[in-house]
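Undergrad: Let me begin by handing over the structure; questions about it come next.
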Amino acid sequence: MMLTEGLTYFKGVGPKRAGILGRAGIANCRDLLYYFPRRYLDRTSTTAIWHLQPGDGEVTIVGRIRRIKTSSGRRRPRLEAILEDDMGGQIMLIWFNGIQWVERTLDADELVAVFGKVQTFRHRLSMIHPDMDKLGDDGPQLSTGRIIALYAGSALFQRVGLTSRTFRRILYNLIKTRGLEMPEEILPRRLVAEQGLMNWRSAVRAMHFPRSVDELNAARERLKFEELFFLQLMLCLARRQRLRIPALKLEQPVDLVKRFVRSLPFTLTAGQRRAIQDIARDTSSGYQMNRLLQGDVGSGKTVVAVSALLMGVGSGCQGAIMAPTEVLAEQHFKTLVKLLNPLGVHVGFLIGGQRKRARQAILEGIADGTTQIVVGTHAIFQEHVRFRKLGVIVIDEQHRFGVQQRATLQEKGDHPHVLLMTATPIPRSLALTIYGDLDLSLITELPAGRQPIETKLFGESRRSAMLWHVQREVEKKRQAYVIYPQVEESEKTDLKDAESGYRQLREAFRHATVGLVHGKMPSEEKEAIMARFTAGDIDILVATTVVEVGIDAPNATIMVIEHAERFGLSQLHQLRGRVGRGSHKSYCILMADYRQTPEAKQRLLTLTRTTDGFTISDKDLEIRGGGDFFGTRQHGLPSFKLADLVEDAGLIETAREAAVRLLEQDPNLEHPAHETVRWYYDTFVGQSVGRLFRVG
Ligand code: ADP
Ligand code: MG
């Protein structure tokens with residue numbers, strides 16, 4: 001099959017270029033065809049220089065290089081070139097870096113396309129470090145209205161002459177001479193017809209040599225769908241495969257779980273009950289559970305987690321629950337001891353910083369099985385921790401752990417059942433993308449009797465009003481949090497913020513007990529302060545974001561967040577979730593200096609209008625974009641070539657449905673009509689994406 005052919009012998013490539021392409025991940029014909037242009041150039045997308053004004057934003061200009069000169073400059077040397085377009089307009093192109101290289105590649109009178117921001121430099125219309133493509137003999141065709149593809153370059157590519165022009169030539173030859181060997185379609189034809197998609201061969205051709213903007217859009221739409229479809233197919237296949245991994249078959253129903261639920265001072269919400277049933281079904285199926293429990297802050301996920309762990313204990317196995325921070329682990333430990341001691345279940349605690357002797361005893365208990373449930377941080381899953389028989393793992397606030405961590409911990413024990421929990425409500429498109437191989441349980445309601453949190457946005461001028469609110473709650477014997485941001489790079493200054501805030505509040509509230517806790521404290525000290533706060537000995541807790549996850553102090557009714565503009569919406573929502581956990585009316589006050597960041601005000605107003613985590617995370621995703629949503633890419637978000645997590649939310653759903661339907665009709669893709677899709681998937685998609693997602 002030509003698509004798998006290496007590139008060395010293709011016209012215009014050769015061993016040297018093939019080597020460089022290979023290093024960039026372009027190893028075969030298919031990879032080359034999927035090396036899509038980063039931009040296109042046509043008459044409608046270029047601007048005449050006469051029309052330009054500084055501040056116009058990014059534009060594309062086509063013209064000839066007129067004069068090139070290096071100038072030593074007072075501070076920094078620079079290279080200047082005049083670009084003149086066919087209307088006689090002129091603009092200066094300026095480089096401060098890579099001067100020698102630019103000078104070497106730039107020739108006078110050469111026709112180029114440049115892309116960049118228009119600004120003024122020394123009172124002249126300029127473009128600094130433009131993105132530049134030599135058009136060479138493509139020039140004449142450009143004026144007849146053809147759309148020209150421009151490819152991303154790199155220094156390495158340049159070194160072997162792999163410019164946009166070279167790419168166009170190679171691809172042109174490839175499609176012209178071998179195009180008929182390319183499959184017309186790789187997806188099931190019925191699917192293509194149903195979705196009204198352009199066929200594969202035409203789409204690939206059109207991406208590189210579009211005849212019109214419409215054709216290009218249709219090609220892009222088709223390939224986007226294909227990209228999302230294969231991702232969903234991969235996730236569905238991963239899920240199917242997991243459902244075939246034999247795992248401990250836990251006995252259901254478990255008497256222990258029933259006794260536990262009956263011992264609670266409240267009745268379960270419908271969502272909690274459903275989640276517990278889902279888990280019971282999974283863990284008694286004989287195959288491995290891999291379930292994500294999503295529920296907003298305060299929705300009562302802990303009770304569900306404990307039920308899952310008890311299902312393991314009831315069948316003579318052990319359970320483990322892992323939290324992202326020591327503070328949270330400690331809190332879980334206390335909660336579990338309180339809940340489970342009466343039932344005679346033995347709970348152990350394991351974190352990184354424990355003393356050697358205590359640690360040894362715990363490790364022994366885990367190894368011989370006397371410890372039935374282990375609560376801890378990721379320390380639980382270090383190599384030297386041996387379980388007698390691990391049946392169920394719960395990972396709380398799982399979005400704080402990377403995909404890799406999740407994958408390694410599952411190697412403990414013999415395919416234990418896994419329950420992931422998250423309080424970050426994520427939009428469905430995102431859930432389908434990151435967790436598409438997991439089963440999902442949702443808790444959509446909060447326990448009855450909770451009052452909605454009233455949220456206010458205050459500027460600096462209303463600081464005294466904020467203090468009045470805190471005062472009023474403290475007088476009612478309620479408790480307050482005052483949160484300061486803790487930004488990695490400037491931790492010191494921010495700590496000073498929290499510290500000076502602490503001093504000011506002590507001044508302002510002489511009759512109240514004010515505490516301070518931050519991430520830089522030794523953990524015992526941190527724990528001690530937190531414990532005093534939950535016990536009610538501290539009225540006002542000044543803190544950094546260490547309280548962000550999971551701290552449960554039902555008597556706390558007011559949350560003040562300083563510099564709220566520095567937090568993401570989802571994080572603010574999490575922080576706000578620390579109050580409103582009891583039956584008292586609660587408040588959240590966002591202190592923000594929005595003169596400096598006017599758009600922050602709009603963003604923060606979202607929080608004053610809704611307490612629904614899903615609405616907030618939708619908004620957050622919209623603002624920050626998919627890649628940024630979880631802070632880093634290592635959380636397992638795939639990087640799409642064409643699709644966009646936010647813009648293509650609808651298409652993600654469609655692709656999911658299509659993948660599910662295909663596998664329902666033909667689970668192993670054995671039907672002759674699915675031969676090509678199976679082959680294509682196995683050859684080009686399966687292993688490459690698969691590695692990213694190996695969760696279960
Ligand atoms: P989260 O989902 O944020 O982890 P928690 O499990 O910490 O929430 O529960 C928050 C609080 O709600 C706890 O104090 C817990 O005891 C209480 N709670 C849990 N379920 C219910 C319920 N069904 N009815 C009333 N209170 C509940
Ligand atoms: Mg929790």
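Undergrad: Between the alpha-carbon centers of region 352-402 and region 611-625, tell me the distance in whole angstrom.
TA: 35 Å
Undergrad: Quick one: grab the alpha carbon gyration tensor of the chain, order the square roots of its eigenvalues as a ≥ b ≥ c, and give me rounded if a/c is under 1.5, else prolate or oblate depending on whether a/b is larger than b/c.
TA: Since a/c reaches 1.5 but b/c is at least a/b, the shape of the chain is classed as oblate.
Undergrad: Still on this structure, I have one more. Let me spell out the model: positive unit charges on the Cβ of Lys and Arg, negative unit charges on the Cβ of Asp and Glu, origin at the Cα centre of region 19-140. What dipole size does that give, in debye rounded to 20?
TA: 720 debye
Undergrad: Next question. Which ³J(HN,Hα) values, rounded to whole Hz and listed in residue order, are derived for region 93-101 from phi using the Karplus coefficients 6.51, -1.76 and 1.60 in 6.51 cos²θ - 1.76 cosθ + 1.60 with θ = phi - 60°, glycine and proline given as x?
TA: For region 93-101, the Karplus-derived couplings read 9, 10, 10, 9, 10, x, 4, 4, 5 Hz, x marking Gly and Pro.
Undergrad: When ligands, DNA and RNA are left out and all protein chains stay put, how many square angstrom of accessible area per residue does the chain have with a 1.4 Å probe?
TA: Averaged over the residues of the chain, the accessible area is 46 Å².
Undergrad: Looking only at region 54-77, which residues have a backbone nitrogen under 18 Å from a spot 7 Å from the Cα of Arg146 in the C-beta direction?
TA: Answer for this model: 62-63.
Undergrad: Take the Cβ-Cβ distance between Asn341 and Ala673 as r, set R0 to 60 Å, and report the resulting FRET efficiency rounded to the nearest 0.05.
TA: Using R0 = 60 Å, I get an efficiency of 0.50.
Undergrad: Hey, another quick one. In terms of solvent-accessible area of protein heavy atoms at a 1.4 angstrom probe, what is the ranking of Met198, Met2, highest value first?
TA: Ranked list, largest accessible area first: Met198, Met2.
Undergrad: Please turn the phi angles of region 599-607 into ³J(HN,Hα) values with the Karplus equation 6.51 cos²θ - 1.76 cosθ + 1.60 (θ = phi - 60°), one per residue in order, whole Hz, x for glycine and proline.
TA: 6, 4, 4, 4, 4, 5, 4, 3, 5
Undergrad: In addition: Report the paramagnetic label zone for Gln53: residues of region 88-119 whose backbone N is under 15 Å from a point 7 Å from Cα along the Cα-to-Cβ axis.
TA: 118-119
Undergrad: What list of ³J(HN,Hα) values in whole Hz, one per residue of region 665-681 in order, does the Karplus curve 6.51 cos²θ - 1.76 cosθ + 1.60 (θ = phi - 60°) give from phi, with Gly and Pro shown as x?
TA: 6, 8, x, 9, 6, 9, 4, x, 5, 10, 4, 5, 5, 4, 4, 4, 4
Undergrad: Of all accessible surface on the chain at a 1.4 Å probe, what whole percent is carbon and sulfur?
TA: Heavy-atom surface of the chain belonging to carbon and sulfur, 1.4 Å probe: 49 percent.
Undergrad: Could you rank Val261, Val313 by how accessible they are, 1.4 Å probe, largest area first?
TA: Solvent-accessible surface, decreasing: Val261, Val313.
Undergrad: Something else about it: Using a ≥ b ≥ c from the Cα gyration tensor of region 453-610 (square roots of the eigenvalues), is it rounded, prolate or oblate, where a/c under 1.5 gives rounded and otherwise the larger of a/b and b/c decides, a/b for prolate?
TA: It comes out rounded by the Cα gyration axes.
Undergrad: Once you sort the root eigenvalues of the Cα gyration tensor of region 515-565 as a ≥ b ≥ c, which label holds: rounded (a/c under 1.5), prolate (a/b larger than b/c) or oblate (the other case)?
TA: Cα axes put region 515-565 in the oblate bin.
Undergrad: Next question. Placing +1 at every Lys and Arg Cβ and -1 at every Asp and Glu Cβ, with all other atoms neutral, what dipole size does region 572-611 have around its Cα centre, in debye to the nearest 20?
TA: Charge dipole of region 572-611: 160 debye, to the nearest 20.
Undergrad: To test your reading of the geometry: what angle, between 0 and 90 degrees and rounded to tens, separates the Cα axis of helix 491-508 from the longest principal axis of the chain?
TA: Orientation of helix 491-508: about 40 degrees from the principal axis.
Undergrad: May I ask which residue of Leu150, Ser71, Gly55 lies farthest towards the positive end of the charge dipole of region 41-150, with charges of +1 (Lys, Arg) and -1 (Asp, Glu) on Cβ and the Cα centre as origin?
TA: Ser71
Undergrad: Okay, moving on. If you place +1 on the Cβ of every Lys and Arg and -1 on the Cβ of every Asp and Glu, how big does the dipole about the Cα centre of the chain come out, in debye to the nearest 20?
TA: Dipole of the chain, to the nearest 20 debye: 920 debye.
Undergrad: Quickly rank 521-527, 616-622, 343-349 as a protection proxy: mean count of other C-beta atoms within 10 Å, highest first.
TA: 616-622, 343-349, 521-527
Undergrad: Next question. If you take every DSSP beta bridge fully contained in the chain, what fraction is antiparallel? Give it as a percent rounded to 5.
TA: Here the antiparallel bridges make up roughly 40 percent for the chain.
The values are calculated or read from the model by the stated rules, or taken from the named source; none is laboratory data. Treat the numbers as computed from the prediction; the structure is a model and nothing was measured. Please note: Cβ atoms are built from the backbone with ideal geometry, for glycine as well, and neighbour counts cover all protein chains shown. These area figures cover heavy atoms from the full protein model, side chains too; ligands, DNA and RNA do not enter into them. Shrake-Rupley method; radii C 1.70, N 1.55, O 1.52, S 1.80 Å.
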